[in-house]
């Protein structure tokens, strides 16, 4: 009899030690605007044959018209600014009106500080993204602006302790 109790006790303890079933997190419940999907569609439907690209570094500008370019690479910085991560769901304050959605970081350590999406009749007409990265030896601020059918700009300001400040701006216009 005591052997049966010992076996029964062992089975009860064994069943108590089994882990809880895994619960899949439904990422579709995240309500942030999906920048990655938006830009993937923009790249897929891109109708332009040329772009006019101006790069300005510390006040010195250079402009080129390009017919050979990779829009996925051109827009990678925008795609990489997607905040649709389940761990960030409660890290951004969301303000939505009929013509604009604003996501603003509520936690200092997040690099992507603010995203503003302007709309007209439900269509995206402008996306503005502000980032800020700061450590003891440098600070880096970026302002990204994308306008479908027009182009985009990237402003980058860096201040590195050992080498000083650098300002760079890239302006791209879409051309037929």
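Let me know the shape class of the range 66-169, please: from the alpha-carbon gyration tensor, a ≥ b ≥ c as square roots of the eigenvalues, rounded when a/c is under 1.5, otherwise prolate if a/b is greater than b/c, or oblate.
Note, shape of the range 66-169 comes out oblate.
Based on the Cβ-Cβ distance of residue 55 and residue 118, what FRET efficiency does E = 1/(1 + (r/R0)^6) give at R0 = 30 Å, to the nearest 0.05?
So the FRET efficiency works out to roughly 0.70.
What's the extension gain from residue 158 to residue 126 if we count 0.36 nm per residue and subtract their Cα-Cα distance?
Once the chain is fully extended between residue 158 and residue 126, it gains 9.0 nm.
Can you compute the FRET efficiency between residue 99 and residue 43 using 1/(1 + (r/R0)^6), with r the Cβ-Cβ distance and R0 = 22 Å? Round to the nearest 0.05.
After rounding, the FRET efficiency stands at 0.30.
Using label points projected 7 Å from each Cα along Cα→Cβ, tell me how many nm separate residue 111 and residue 140, to one decimal.
Placing both labels 7 Å beyond Cα along the Cβ direction yields 0.6 nm.
Rank the residues 124, 172 as a footprinting-exposure proxy: fewest other Cβ atoms within 10 Å of their Cβ go first.
Fewest to most other Cβ atoms nearby, the residues stand as 124, 172.
Rule-based calculations on the coordinates, nothing more; no lab input. Computed from a predicted structure; not experimentally measured. Neighbour counts run over all protein chains shown; Cβ positions are idealised from the backbone, glycine included.
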